[in-house]
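One structure is given below, encoded as structure tokens.
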Number of protein chains: 2
Amino acid sequence: MGVRERRPVTSVDVAKRAGVSQSAVSRAFSRTASIAPGTREKILKAAAELDYRPNRIPAIMLSGRSGMVGVVVGGLSNPFYAGALEHLVCSLRERGLQVLLVHVDDALTLDDALEQLLGYRIDAVVTALAIGSKAVAKALDALRIPVICFNSRLTGQWISTVSSNNRAAGVVAARVLRERGVMQPVWLAGALRNAASVARGEGFRRGLGAMAGELVSLQGADTYESGYDAVSAMLLRGVRPDGMFCSNDMMACGAIDALCERAGLSCSRDVMLLGYDNIPQGAWRAYDLTTFDQGVGQLVKTACEVLANALEAGGEPVSQNIVIEARLVERGSTAGG
Amino acid sequence: MGVRERRPVTSVDVAKRAGVSQSAVSRAFSRTASIAPGTREKILKAAAELDYRPNRIPAIMLSGRSGMVGVVVGGLSNPFYAGALEHLVCSLRERGLQVLLVHVDDALTLDDALEQLLGYRIDAVVTALAIGSKAVAKALDALRIPVICFNSRLTGQWISTVSSNNRAAGVVAARVLRERGVMQPVWLAGALRNAASVARGEGFRRGLGAMAGELVSLQGADTYESGYDAVSAMLLRGVRPDGMFCSNDMMACGAIDALCERAGLSCSRDVMLLGYDNIPQGAWRAYDLTTFDQGVGQLVKTACEVLANALEAGGEPVSQNIVIEARLVERGSTAGG
């Protein structure tokens, strides 16, 4: 049956063998507690001899805190989210926290997933769901544990957000295109409920100023295919852009391929094009994409700090909203010529 | 402080309010147990009124089984692994199992990570680490819980493997190139300790038959950049291939870009090229890559079945080795002309 029955050795046995107190054994197996190196070594030796495995379950039972954070992801097919998850797992672990990972397709499955996680007494939730709705915010807030969201407009007593400055980046994208003499700008928006995309588009329109009247807006869905399809349809309608801002790099790669394959247009000889996220694929030679780097390391580090603050608040709700500047990374797709 | 203290409602309170037994409340909150729909509804209503949250911790304490599976990943920057993780999380959840996610950089950090996971009484480990060593196998086997590895040569009493038929695919890659009249074949190997890459290379060499004498072997490291660099160096040495097999798609994309940018060679006009994994980026128009599809859905489904069998073995070690055929996906990079 269970693991426990085959290993009935407890911390008391280890303490006895090592000639120390039981609390010293607990401290030896904690990542955060302090203990004299010699004592630790003695305990680890005794534990190895007895084949002892520390058990966190009784402590979870007593404290109601598990040291586990529920991480909710929606789409790992975007390398930006896969990279963010990798950073997050490492950063949380450095703080002695483990990741209980949940994948949800939409708000409908989120409720059920969260209910399951709560049974494990998770201490907090971190989510990078691109979509947000009032229903999602309500479900998260009802957990009454700290919730940290990336690039989200979700609000709630228990909800903090860490976002890149999407609107400001949109303004910068417009400035880059205007400075290079673009006459026919195109905006390729992400999924409808993607708050970050909405803010990027608002900034872009604002940055275009008087030229906003010329703007052609396309509707994408955050994927490569949606970028490829939206641009193909635009070309069929006879629109010939000389500048584009795409709400993320996945769609930007699709846009570049459609411009080339459907109309023989090259970035940047014919079209100046910018994306967002700085995914590794944007730097691949076939794309050489100018983009905005959200600084995923900084986003994750900040999220972990907000989380630590919230956990220290001792059960009181904490809500912080932190904005990080995105950095323009210029590559061939806006180099011209 | 903790979550528990703010929610002292127990299943006994819910049972009383709903007028049912405590075990009915437990069944109502279990994904697998059966219960009459009417009873379940009554219990959920009572639970909502009392703001009751089920607690799995006492059951973990008693049974020594947590319903959590430790999933160890090494490199989510390869979309193949990110996709596999997404599938795995969903498949495990359908079986009522949660994922405790661990990221390790190398075998050195694995031990420490596993020790942490054991404290949570995980029921099993699933790993897609590309690298494998005797030290890793020993550390995993010592856990004495079921371990399932993807594309691995790790062996142990408790270790099962689910792999695609890497060697057979290598033979097929050679056949494709021979049939199309390739005279100068090149093999681009993955990281040194990547067992799957070694098997693919062996199959390729074997499939080339008499032509194996002409084979040029390059050493990559599984990444786009390593493929780009290895092919660039080869071109500098004056080698002009007309056929290439790359151990994975990431390196294949790098190879295609280097062939084009460094020597003006196009796939497939000048070079027939195959990769492995069928990552989404291989299908992007700039690459249009012929590749082998490991059938990640099938790999994950099989791994979950092996896992379920092993969990049912009731604490006895189970070791299965299952091989799945990879499917050739032909695209432009081997179309010629």
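The values are calculated or read from the model by the stated rules, or taken from the named source; none is laboratory data. In this text, all values refer to a predicted model and were calculated from it rather than measured experimentally. Here the Cβ is made from the backbone with ideal geometry for all residues, glycine too, and neighbour counts use every protein chain on show. SASA here: full protein model, heavy atoms, side chains in, ligands and nucleic acids out. Shrake-Rupley method; radii C 1.70, N 1.55, O 1.52, S 1.80 Å.
The longest stretch of chain B left intact once loop-based GluC sites (Glu not before Pro) with at most 15 other Cβ atoms within 10 Å are removed from consideration, loops following DSSP, is B:1-324. To the nearest ten degrees, helix B:296-312 and the longest principal axis of the Cα atoms of chain B are 40 degrees apart. Legend: Rg and Dmax of the protein assembly as shown, from Cα coordinates, 27.0, 83 Å.
Restricting the stretch A:5-113 to trypsin sites (Lys or Arg not before Pro) that sit in a DSSP loop and have at most 16 other Cβ atoms within 10 Å of their own Cβ leaves A:31, A:95. Farthest towards the positive end of the charge dipole of the protein assembly as shown, among the residues A:233, B:204, B:303, is the Cα of B:303, using unit charges on the Cβ of Lys, Arg, Asp and Glu. Of the residues in the stretch A:265-282, those shielded by at least 30 Å² of accessible area once partner protein chains are present, compared with the chain alone at a 1.4 Å probe, are A:281. Mean residue ellipticity at 222 nm, helices only, chain B: -13500 deg cm²/dmol; runs of at least 4 DSSP H residues each add -39,500 (n - 2.57), and the sum is divided by the number of residues.
Dipole magnitude for chain B: computed about the Cα centre from +1 point charges on Lys and Arg Cβ and -1 point charges on Asp and Glu Cβ, it is near 980 debye. Averaging the Cα positions of each part gives two centres, and for the stretch B:286-312 and the stretch B:137-176 these lie 12 Å apart. Normalised by the number of residues in the stretch A:69-221, the mean separation of alpha-carbon contacts (under 8 Å, six or more apart) gives a relative contact order of 19 percent.
Between chain B and chain A, the total buried accessible area stands at approximately 6700 Å², from heavy atoms with a 1.4 Å probe. Straightening the chain between residue A:94 and residue A:16 buys 25.0 nm, computed as 0.36 nm per residue apart minus the Cα-Cα spacing. Annotation: the antiparallel percentage among DSSP beta bridges lying fully within the protein assembly as shown is about 15.
The angle separating the long axis of helix A:195-208 from the principal Cα axis of greatest extent in chain A is about 30 degrees. Taking the stretch A:175-201 and a reference point 7 angstrom along Cα→Cβ of residue A:239, the backbone N atoms nearer than 13 Å belong to A:184-190. Leaving out ligands, DNA and RNA, and with a 1.4 Å probe, what % of the accessible surface on the protein assembly as shown is carbon or sulfur? Answer for the protein assembly as shown: carbon and sulfur cover 52 percent of the accessible area. Between residue A:216 and residue B:33, the distance separating the two model label sites (each 7 Å from Cα on the Cα→Cβ line) works out to 6.1 nm.
The mean of 1/r over all distinct Cα pairs in the stretch A:171-241, once inverted, gives the Kirkwood hydrodynamic radius of 12.6 Å. With r as the distance between the Cβ atoms of residue B:142 and residue A:63 and R0 = 25 Å, compute the FRET efficiency 1/(1 + (r/R0)^6) and round to 0.05. In this case the efficiency is close to 0.30. Taking a sphere under 13 Å around the Cβ of residue B:230 and counting the other residues whose Cβ falls inside, with K and R at +1 and D and E at -1, yields a net charge of -2. Working from Cα positions, state the angle (0 to 90°, nearest 10) between the long axis of helix A:249-263 and the longest principal axis of chain A. Relative to chain A, helix A:249-263 is tipped by roughly 30 degrees.
Calculated on the alpha-carbon coordinates, the convex hull of chain B measures out at 166 cubic angstrom per residue.
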